[in-house]
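Beneath this line is the structure, given in structure tokens, with notes to follow.
Values quoted throughout were computed directly from the atomic coordinates according to the rules given, and no laboratory measurement underlies them. Quick caveat: nothing in here was measured; it's all calculated off a predicted structure. With ideal geometry, Cβ positions are generated from the backbone for all residues, glycine too; neighbour counts draw on all protein chains shown.
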Amino acid sequence: MIHYALVCENAHKFEAWFRNAEAFDEQKGRGIVTCPICMSTAVDKALMAPAVARTAVDKAAVSRSAEEKVALSIGHPQHAEIREALRALRQKVTSEADYVGDKFAEEARKIHFKDIEPRGIYGEATRDEVAGLIEDGVDFMPLPNLPEEHN
Ligand SMILES: [Zn+2]
């Protein structure tokens, strides 16, 4: 059995199983492979490349999450100043931007594609969402996430 993602002339996407590649060609030739939505017989195999690429990105994002390393630093002679600068930077970004919570990816995409007025936002995104934003070429940046100061 072979599984095909199919697309009809009206861009409806559907999936179907065939005994083998020849069976698909043969049934298509006889006009019995029909779109379940519009009943068109003008169907063809959908291009799988974008889906595959997306899956690869998602897989990479998922495999990173369990054992992902984070970049850290200690012992720099100006540790305290740099830490303070990062804290001020974070403070500057968050005080001048709207907090959108877990809607960040959605809102960032709207801003990137100019669906809404550009404005500064900040919030949270899952690793999958971050991978999706990178894939779409959205120019965002991470906010420094500092542990609480131990006094
Ligand atoms: Zn159709």
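Odds and ends about this structure:
- DSSP-assigned coil residues among GluC sites (Glu not before Pro) in the stretch 70-151, each with at most 11 further Cβ atoms within 10 Å: Glu96, Glu148, Glu149
- Label point at His76 placed 7 Å out along Cα→Cβ; residues across the stretch 107-151 whose backbone nitrogen lies under 18 Å: 142-150
- Local electrostatic count, Pro77, Cβ distance below 15 Å [Lys/Arg +1, Asp/Glu -1]: -1
- Remark: the stretch 84-97, residue by residue, has Karplus-estimated 3J(HN,Hα) of 5, 5, 5, 5, 5, 4, 4, 4, 4, 4, 6, 6, 9, 10 Hz, where x stands for each Gly or Pro and the curve is 6.51 cos²θ - 1.76 cosθ + 1.60 at θ = phi - 60°.
- For trypsin sites (Lys or Arg not before Pro), the sites in the stretch 83-142 that DSSP calls loop and that have at most 15 other Cβ atoms within 10 Å are Lys103, Lys114, Arg119.
- Residue order, fewest to most beta carbons within 10 Å, for Asp44, Asp139: Asp139, Asp44
- Residues with amide H under 5 Å from that of Tyr122, placed H, sequence gap 5 or more: Asp98, Tyr99, Val100
- Phi-based couplings in Hz for the stretch 20-28 (Karplus 6.51, -1.76, 1.60; Gly and Pro marked x): 6, 4, 5, 4, 5, 4, 5, 5, 5
- When the chymotrypsin sites (Phe, Trp or Tyr not before Pro) in the stretch 86-140 are filtered for DSSP coil states and for at most 14 other beta-carbon atoms within 10 Å of their beta-carbon, the remaining sites are Phe113.
- Vicinal HN-Hα couplings computed from phi for the stretch 107-120 (Karplus, 6.51 cos²θ - 1.76 cosθ + 1.60; Hz; Gly/Pro x): 5, 4, 5, 4, 5, 4, 8, 6, 7, 9, 4, x, 7, x
- Surrounding net charge for Gly101, when Lys and Arg each add one and Asp and Glu each subtract one, Cβ distance under 11 Å: -4
- Neighbourhood net charge (10 Å Cβ-Cβ; Lys/Arg +1, Asp/Glu -1) for Thr41: +1
- For Leu6, distant residues with modelled amide H under 5 Å away: Phe14, Glu15, Ala16, Ala46
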